[in-house]
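These notes are about the structure you will find just below.
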Amino acid sequence: MEFRHALVSKTIVHKHDNDDVLVSNVRKDLPTFLTVDEFDQISVQEEKISYLKKHYRLAEGTQLYVRKSVPYYIPEDSAISYLEKIASYYDKTDSGHVLSSKFIPEITEEYLSNHFVSIKNQIDKKTRHKIYLAFHRVGLSCFSTDHYFSMVNTLDNYYFYRKAHEHVPGTMFVEAARQAMYYHYYANRPKDKRGDVTLSIKKINCEFFNYADSNYPITIRVQTTSDESDGKKSKIDRGRTCFYQNGNPIAEIEFEGVCISLKLFARMREKNPTRIIGICQ
């Protein structure tokens, strides 16, 4: 099955070739609705708002523009089997449940969309990516710090599928998680610019719950779990990368990385026989 991918920049994830980029369609949780005031504020930029207008509509009897791919109202008889999924994001009324949360985690939102939204109004990962970019173009960036990606899992990938070497299960997940984590790090640390610093991985902890099926898309969610200093002016980042397929978790990889100067990193990569001899003596 063919999937639509808008690759992240190869330089951000430290690759020289696009064939080695394993993450695409970067995005965050999208607003489920906009108030009339918010919508009017960005509607003055007519040439930029047209794409968003395709995906948001004024909900009847409200002052909210609700995204078409999100169920605004779920009748009580339809909601009974899904109460655990909707409780945190919908308010209970006498006859059903009304959307109240401006943001719903993508995995949960897609689950609800599959059950309560017509196929024509459901959106794929690349469309979510394009909506996310459209919000940035109009200056609306009220998003969480978590990032989502689509994993590029193609069977013609040379290193992971066609290269004649011993296959180590899970290595493709680890590399995709590393790339997603690098993008997430630079996006949330605008002062730590690519080219000045890099993220050096200190620890990795992996759990694999199931195999990945190449016939279905894989969603990656990246979260920062802590952000601190180790007392030596080095910034330590801890993050969690979760992989989902068909709404179910298939892997979770936790990273601990330290921010280092790229000059130091480059020096460690130099061929300097004199220095090596000195170290060995």
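Read-outs throughout are calculated quantities, based only on the coordinates presented, and are distinct from any laboratory measurement. Nothing here was measured: the structure is a model prediction, and the numbers come from that model. Using ideal geometry, Cβ is built from the backbone for each residue, glycine included, and neighbour counts are taken over all protein chains shown.
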(message) Could you give the length gained by full extension between Thr93 and Glu256, i.e. 0.36 nm per residue of separation minus their alpha carbon distance, to one decimal place?
(response) 54.2 nm
(request) Calculate the spin-label point distance for Tyr159 paired with Phe209, positioning each point 7 Å from the Cα along the beta-carbon direction, and give it in nanometres. (result) 2.7 nm
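If I take every Cα pair under 8 Å that is 6 or more residues apart in segment 1-159, average their sequence separation and divide by the length, what percent do I get for the relative contact order?
36 percent
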(message) For Ala6, what residues show an amide H to amide H distance below 5 Å, using hydrogens built from the backbone and excluding near sequence neighbours?
(response) Asn25
(request) Taking amide H positions as placed in the peptide plane 1.01 Å from N, state which residues far from Tyr56 in sequence (5 or more) or on other chains have amide H under 5 Å from it. (result) Lys68
(message) With the cut-off at 1.5 for a/c, could you classify segment 33-137 from its C-alpha gyration tensor as rounded, prolate or oblate?
(response) prolate
(request) Could you pull out the pairs from Lys85/Lys120; Lys126/Lys263; Lys53/Lys125; Lys130/Lys263; Lys15/Lys263; Lys130/Lys202 whose alpha carbons sit more than 28 Å apart here? (result) Lys126/Lys263; Lys130/Lys263; Lys130/Lys202
(request) Pull up all non-local amide H partners of Gln45: gap of 5 or more, or a different chain, and H-to-H distance under 5 Å with H placed in the peptide plane. (result) none
(request) Tabulate in residue order the Karplus-calculated ³J(HN,Hα) for segment 241-257, using 6.51 cos²θ - 1.76 cosθ + 1.60 with θ = phi - 60°, rounded to whole Hz; enter x for Gly and Pro. (result) 10, 10, 10, 10, 9, 6, x, 10, x, 10, 6, 9, 10, 9, 10, 10, x
